[in-house]
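Accompanying notes for the structure given below.
Values quoted throughout were computed directly from the atomic coordinates according to the rules given, and no laboratory measurement underlies them. Everything numeric here is computed off the predicted structure, so don't read it as measured data. Cβ coordinates were reconstructed from backbone atoms using ideal geometry, including for glycine residues, and neighbour counts include every protein chain displayed.
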Amino acid sequence: MDQFGLGWNHYNGDWICDIHIKSNPKAKTTHGMTRRIIIWGLGKVGRALYEGFINSSVGVDFLILRESSKEKIDELMRVSDEIPANTGRLSLSAESCKSIWSSEEVVASPHNFFVSGDVVFAPVVDREINHIFKRCDLTGITLIHCSGATPIIAVNHAHSGVFYPLQSFLGKGEEVWDRIPVFIEGSNDGVNEILKEIALKLGVLSIEKLNSDQRAYLHLAGVFANNYTMAMAGIAKDLLTVNGLNPNWVLPILTKTAENLGQGMPWELMTGPASRADLTTIEYHRSMLENQPEMLAAYNAMAQYIINRPKDSLE
């Protein structure tokens, strides 16, 4: 299947799930079995995978959603408007719509849903990954999580893997996958080949194989590069806002900072009082933050790290 869209309509007193399907009979596993692509959850990463898959030759066969996730389906109606008109059409009642499975029912009786050859992507929060894999550990299926922090899950019967896109997903629309590197890990060579094939069809920036320990460090680096960088930008804008200044004034320097990151080692490109150990300016800044202890703590931590970092330790 290479296109999939859905929406709810009211007909003769019943809610009908309209599913636009274009089948792809050539989607086979290496063992000749039909490969069905299944996405478990439509959070930010799940939504990015869904839209990437339906707009490539990967496709999506089934979605697994919580019972309370009808709002996710409503959101998908916008996506289905983009599906070509020459697709097949299947209408099912909401109670028996087998192209959208209840996660509660799947966890309770996974053998009623999965068949050998299924590839199940579970882009869920880390605390749910192990439970899903243990409950759905069935022979012949491949379970894939998308976390950087969670190791590959050891299972007894299924195949296991990791498909980790190093990117910050907002969940607001299509992602440009040719700008996103993907890091894979499989429990065997067959899983690695499946993940590589899917990544190639998705058109990602690059594909690298990493083990779980390596991926954990990559994830940690990503937290510094993205999460904490965004936090610093947030602090800068908050500082201006609380003092009655325009928070957008820092946007040009933030843009320039992002541009500079690709020009060389960040430590070599750094400017500012901490980089030159200008203690007079640093003390003045600290006095300005005396009434904002949380901002002061962040400022002190960053300034101290920059000043104390051995200048030739990692160059």
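Simple spin-label estimate for residue 188 and residue 275 gives 5.2 nm between the two label positions (7 Å along the Cα-to-Cβ direction from each Cα).
Distance cut-off 27 Å, Cα to Cα: go down the list 172/256; 209/237; 201/256 and report the pairs above it. Result: 209/237; 201/256 exceed 27 Å. Computed with the Debye formula from one identical point scatterer per Cα of region 167-283, without solvent, the log10 of I(q)/I(0) at q = 0.11 Å⁻¹ comes to -0.58. Once both labels are positioned 7 Å from their Cα atoms along Cα-to-Cβ, the gap between residue 304 and residue 176 label points is 4.0 nm. Each label point was placed 7 Å from the Cα along the Cα-to-Cβ direction; for residue 134 and residue 226 their separation is 2.8 nm.
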